[in-house]
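The values are calculated or read from the model by the stated rules, or taken from the named source; none is laboratory data. Values in this document were obtained by computation on a predicted structure and should not be read as measured data. Please note: Cβ atoms are built from the backbone with ideal geometry, for glycine as well, and neighbour counts cover all protein chains shown.
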Amino acid sequence: MKIIQAEGVGYFYQTKYQKIEALKNMTCSFEKGKIYAIVGESGSGKSTLLSLLAGLDLPTSGTLYIEGKDIRTINRDQYRRNQAAVVYQAFHLFPLLTALENVVFPMTLKGLPLKQAKIRAKELLKKVGLGEKIEKQFPKMMSGGEQQRPLPEPWHRRGVSYWRMSLQGI
């Protein structure tokens, strides 16, 4: 079953001096339960495609379907919060929050009570091989691999431990 489908998707942006076509006429689909690798040369549009698939931006041409619905018609905030997550190479953890707090924070934003969020966050950290020793560590105290694992909860709910710069299917 196709969960994400791109048909003729393109994306461009305008700088002060030129129009940049970051993605041109991309057609692809992603099925539930499969793992995909997006590979290409530097500047070929990999990160742009991931940003579009994750709902961080909208295509400037073509159509992107999420579970058969045009991404322009769905609630992208809800989609990003509950179904898609991107792990960036730079990790983007809050530097003044511990590993545990970095996992708890988005849960509390979604309305989960703090006590429940802490219990769930501890379970998730344990699930990805980060036990109690890491809970109180700040990002600068963690290795690069450890910094990638305190992920947004949609990844964990779908049985994924962690990937670098990838989109987890719905």
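Some observations on this one:
- Taken together, L58, L96, L100 contain a single residue that is under 23 Å from Y13 (Cα atoms) and at pLDDT 90 or above, which is L58.
- Any chance E21 is touching a residue at least 24 places away in the same chain (Cβ under 8 Å), touching a Phe, Trp or Tyr at 6+ places or on another chain (Cβ under 8 Å) and among the charged types (D, E, K, R): no
- Selected residue (criterion: modelled with the highest pLDDT) from residues of the stretch 1-38 that are under 17 Å from the mean Cα position of the chain (by Cα) and among the β-branched types (V, I, T): I4
- Criterion (in contact with a Gly (Cβ under 9 Å, 6 or more places away or on another chain) and either closer than 28 Å to M141 by Cβ or in the same structural domain as N25 (by TED's automatic domain parsing) (or both)) met by exactly one of G62, G55, G68: G62
- Output for the stretch 89-130, where each listed residue is in contact (Cβ under 8 Å) with a residue 60 or more places away in the chain and more than 18 Å from M141 (Cα to Cα): none
- Only residues that are within 27 Å of V103 (Cα to Cα) and acidic (D, E) were counted in the stretch 68-87, giving 1.
- Among the residues of the stretch 57-76, not a single one is under 23 Å from L124 (Cα atoms) and without any contact (Cβ under 8 Å) to a residue 12 or more places away in the chain.
- Residues of the stretch 131-143 satisfying the condition of being part of a helix (DSSP H, G or I) and free of Cβ contacts under 8 Å to residues at least 24 places away in the same chain: E132, K133, M141
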